[in-house]
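To start, the structure under review is shown below, and the notes come after it.
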Amino acid sequence: MYLHERTDELEKIKRYDYGTPYDTGAVVQNIVISEGVPEHFEYDDVSETFSYRLKDRDLVFGLGETLRGINKRGWIYISDNADDPSHDENKTSLYASQNFLLIDDGREAFGIFVDNPGSVTFDIGYSDMNVMSIHPMYNDTSFYVIEGSDPLEIVGRFRRLVGKSYVPPLWAFGYGQSRWGYKTADDIREVAAEYKKAGIPIDMIYMDIDYMQDFKDFTVNPERFPDFENFVSEMKKEGIHLVPIIDAGVKIEDGYDVYEEGKQKGYFCKKEDGTDLVAAVWPGKVHFPDFFKEEVREWFGDKYGVLTDAGIEGFWNDMNEPAIFYTEDHLKEVFEQVKDFENRELDIWGFFDFKDVLGNIANNPEDYKRFYHDFNGRKVRHDRVHNLYGFYMTRAAGEAFLRNHPDKKILMFSRASYTGMHRYGGIWTGDNTSRWSHLLLNIQMMPALSMTGFLFSGADIGGFGSNTAEDLMLRWVAFGIFTPLFRNHSALGTREQELYRFKHTEDFKHLIELRYALIPYIYSSFMNAVEKDEMYMKPLYFEYRDVERCREIEDQLLVGDDIMIAPVYEQNRTGRNVYLPEKMKLVRFRSVTDYDEEILDKGDHHIRADLGEVLVFIRPGRRLPLAKPAGHVAELDMKDLTFISFE
Ligand code: MIG
């Protein structure tokens, strides 16, 4: 880029500072601070609220991992990373804070990025249908306004502001099987063997908390996983990468090296009085590493080496909002309160108060005020920078991978996130439920994740909580084959949902084979999005801004530059309505080799799609490459491609 072009480019981004903003690490460009009120907004000093009058035709996109639809109008969203497994439409927060929004009336568009790591409320026409108001809980904010002529240009500019997205190893584009409940090496061997028997391609099996010794990070239970290193290579010979989970909390246990070192070096988060916070998560009592300190990140990041030394090449970081079952201090208070209740005659209201005391122990907001970080020499109470915790845990890992394995890509994705983390890893969207509405939620969340740079992302396919059903699984997999992170995961105690357990094993095999055949397209579209700061999945509107109908299409997506998809996400359907913004070629896949093609005109169509079928629409002048399916990504011949084209 020429210098004058760069200068021009930077002039399209304006930054307004309030209070004393933190250097969160979200932004990688140096933007000079402008005076005055952010363009398009009014600012109220008293309530510390930014407000924008929504025009009738304004569409609002963004916020990454959030609930509801693609157009965010009509609800209130709060960036306040939360471990909440019930993703109902009436909730306001999930595990992520990706404070980028794009507002577009079809003629004029602009983006905003609110760089504030505390809680930020985005009221997008909830309190007043015609007003969008933005209120950070704590004033310390860098507020960016990004100008541009259309949504794609604005997204690109935002993405250059926050830096290049993380790229995983190629094999991570394969299919992965996960479940909370694989307890032994034999459990995992069985999953691998069953996939092989069914002829369903697979590249990863995930290891949930049960592989650890008493839920201690960077340990492996030697009874359940004897000779772990050999097991890792045995699986690798089978073409399978094992991907273990790492949790944020470090178990308090004498003799446990991670605890001992962290304690001795003062690496854990401290309370006001300087003692280490004691919380409880899966391991029982834990301390939380203070990932805000570079030294701590280095130390914790290097610990992943315990597992990479054994041949592990990928991880998922969990419970890093951080999730807190209880803190020791809060529990003490609760017991005191319970005693009070015991000594008084409980009327109905008293009973409800009592229930609240007991029911609000986990992830209690007051607990996030009980500890502090050492952040660039500043002592900061956790709640003011809460949304950075998961980012910095993942950053610890990502920085260590760069340091210790500079020539290698390591798979990494996290549950909690903040903008900037997209440079170090992807995300999965947390504990969804086996519901049809959550398949739609997955479809609608993906383009927002693409906007914010979290390109390597996906949901728990089939649903994490509650029991899945075979038809839901078929439809969800038929969509999941297009998401970069493609993982079937479920919770302990729910119906087992490994694909070989169902009756239509052949259909699942065909779907996963189709995914593998599509990897050349998926991977090159993904890399293109990384390199050019573009979106991997887009709402139709972003490419067909002049086609009126596309303003409201929330259940069809563009994948890369060449195709559109229209997943079926309702039960007992044999097809669905699809709107074509221009003439396209429909390819209805039953398998990689069994498909029919039809050219369809612009407009509305009802299109048949039976269980197990996948609808792909090729745009004019584009073509879809297909590889020959293989059992593992490493066996794919990325050069031996056939093409379905629409001239
Ligand atoms: O409290 O490790 O979102 O994927 O299976 C639950 C057990 C902890 C939450 C994660 C989920 C994982 C589960 N974890």
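Can you tell me which residues in segment 239-260 are within 15 Å of the ligand (Cβ to nearest atom) and either modelled with pLDDT under 95 or assigned to a strand (DSSP E or B) (or both)? Steps first, answer last, please.
So in segment 239-260, the residues within 15 Å of the ligand (Cβ to nearest atom) come out as 243-249, 251.
243, 244, 245, 246, 247, 251 - these are the residues of segment 239-260 that are within 15 Å of the ligand (Cβ to nearest atom) and either modelled with pLDDT under 95 or assigned to a strand (DSSP E or B) (or both).
Would you kindly identify the strands (runs of 3 or more DSSP E) lying entirely within segment 498-611 that contain at least 3 residues that are over 30 Å from residue 169 (Cβ atoms), open to solvent by 20 Å² or more (accessible area, probe 1.4 Å) and not hydroxyl-bearing (Ser, Thr, Tyr)?
Working: elements: 537-539, 557-559, 563-565, 575-580, 584-589, 595-600, 603-608.
Correct list: 595-600, 603-608.
Among (1) without any contact (Cβ under 8 Å) to a residue 12 or more places away in the chain; (2) assigned to a loop (DSSP other than H, G, I, E, B), where does residue 139 come up short?
Every condition holds for residue 139 apart from (1).
Specify the residue that is farthest from the ligand (Cβ to nearest atom); the eligible residues are those in segment 288-320 that are in a strand (DSSP E or B) and of a type outside the set (Asp, Glu). If you could, list the steps in order and put the result at the bottom.
Going through segment 288-320, the residues in a strand (DSSP E or B) turn out to be 289, 314-318.
Pick out the ones that are also of a type outside the set (Asp, Glu) and you get 289, 314-317.
On the way: 289: 18, 314: 15, 315: 13, 316: 8, 317: 10 Å.
It comes out as 289.
Quick check: is even one residue across segment 428-447 of a type in the set (D, E, K, R) and open to solvent by 10 Å² or more (accessible area, probe 1.4 Å)?
Residues of segment 428-447 of a type in the set (D, E, K, R): 431, 435.
Now drop any that are not open to solvent by 10 Å² or more (accessible area, probe 1.4 Å), which leaves 431, 435.
Among the residues of segment 428-447, at least one is of a type in the set (D, E, K, R) and open to solvent by 10 Å² or more (accessible area, probe 1.4 Å), which makes the answer yes.
Listed here are the residues, each with its yes/no results for (1) modelled with pLDDT under 95; (2) within 16 Å of the ligand (Cβ to nearest atom); (3) farther than 21 Å from residue 159 by Cβ; (4) crowded, with 23+ Cβ neighbours inside 10 Å.
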| residue | (1), (2), (3), (4) |
| --- | --- |
| 80 | no, no, yes, no |
| 84 | no, yes, yes, no |
| 88 | no, no, yes, no |
| 94 | no, yes, yes, yes |
| 101 | no, no, no, yes |
| 117 | no, no, no, yes |
| 122 | no, no, no, yes |
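When segment 286-320 is examined, which residues are found to be under 26 Å from the mean Cα position of the chain (by Cα), under 17 Å from residue 211 (Cα atoms) and open to solvent by 10 Å² or more (accessible area, probe 1.4 Å)? Give the derivation first.
Restricting attention to segment 286-320, the residues satisfying the condition of being under 26 Å from the mean Cα position of the chain (by Cα) are 286-294, 296-308, 311-320.
Still in the list and also under 17 Å from residue 211 (Cα atoms): 303-308, 311-319.
Within segment 286-320, 303, 305, 306, 308, 311, 313, 318, 319 qualify.
What's the total number of residues in segment 21-66 that are open to solvent by less than 80 Å² (accessible area, probe 1.4 Å), part of a loop (DSSP other than H, G, I, E, B) and more than 29 Å from residue 542 (Cβ to Cβ)?
Result for segment 21-66: 5.
If residue 231 satisfies every condition in (1) part of a loop (DSSP other than H, G, I, E, B); (2) open to solvent by less than 40 Å² (accessible area, probe 1.4 Å); (3) of a type in the set (Phe, Trp, Tyr) but one, which is the exception?
Condition (1) is where residue 231 drops out.
Looking only at residues that are within 16 Å of the ligand (Cβ to nearest atom), within 25 Å of the chain's Cα centre (by Cα) and of a type in the set (D, E, K, R) in segment 188-238, which one is nearest to residue 428 (Cα to Cα)?
Applying the filter and picking the extreme gives 208.
I'm trying to understand the selection: among the residues of segment 601-646, which are in contact with a Pro (Cβ under 7 Å, 6 or more places away or on another chain) and in contact (Cβ under 8 Å) with a residue 60 or more places away in the chain? First the steps, then the outcome.
Restricting attention to segment 601-646, the residues satisfying the condition of being in contact with a Pro (Cβ under 7 Å, 6 or more places away or on another chain) are 602, 625, 627, 629-632, 638, 641, 643, 646.
Of everything in segment 601-646, those that are in contact with a Pro (Cβ under 7 Å, 6 or more places away or on another chain) and in contact (Cβ under 8 Å) with a residue 60 or more places away in the chain turn out to be 625, 627, 629, 630, 631, 632, 638, 641, 646.
Please tell me if residue 182 is of a type outside the set (A, V, I, L, M, F, W, C) and surrounded by 24 or more Cβ atoms within 10 Å (Cβ to Cβ).
Values: of a type outside the set (A, V, I, L, M, F, W, C): yes; surrounded by 24 or more Cβ atoms within 10 Å (Cβ to Cβ): no.
No, not satisfied.
Does residue 265 qualify as being within 30 Å of residue 200 (Cα to Cα) and away from the ligand (no atom under 16 Å from the Cβ)? Working first, answer last.
Details: within 30 Å of residue 200 (Cα to Cα): no; away from the ligand (no atom under 16 Å from the Cβ): yes.
Judged against the criteria, residue 265 is not a match.
The values are calculated or read from the model by the stated rules, or taken from the named source; none is laboratory data. Just so you know, these numbers come straight off a predicted model, no measurement behind them. With ideal geometry, Cβ positions are generated from the backbone for all residues, glycine too; neighbour counts draw on all protein chains shown. Surface areas here come from the heavy atoms of the whole protein model, side chains and all, with no ligands, DNA or RNA. Shrake-Rupley method; radii C 1.70, N 1.55, O 1.52, S 1.80 Å.
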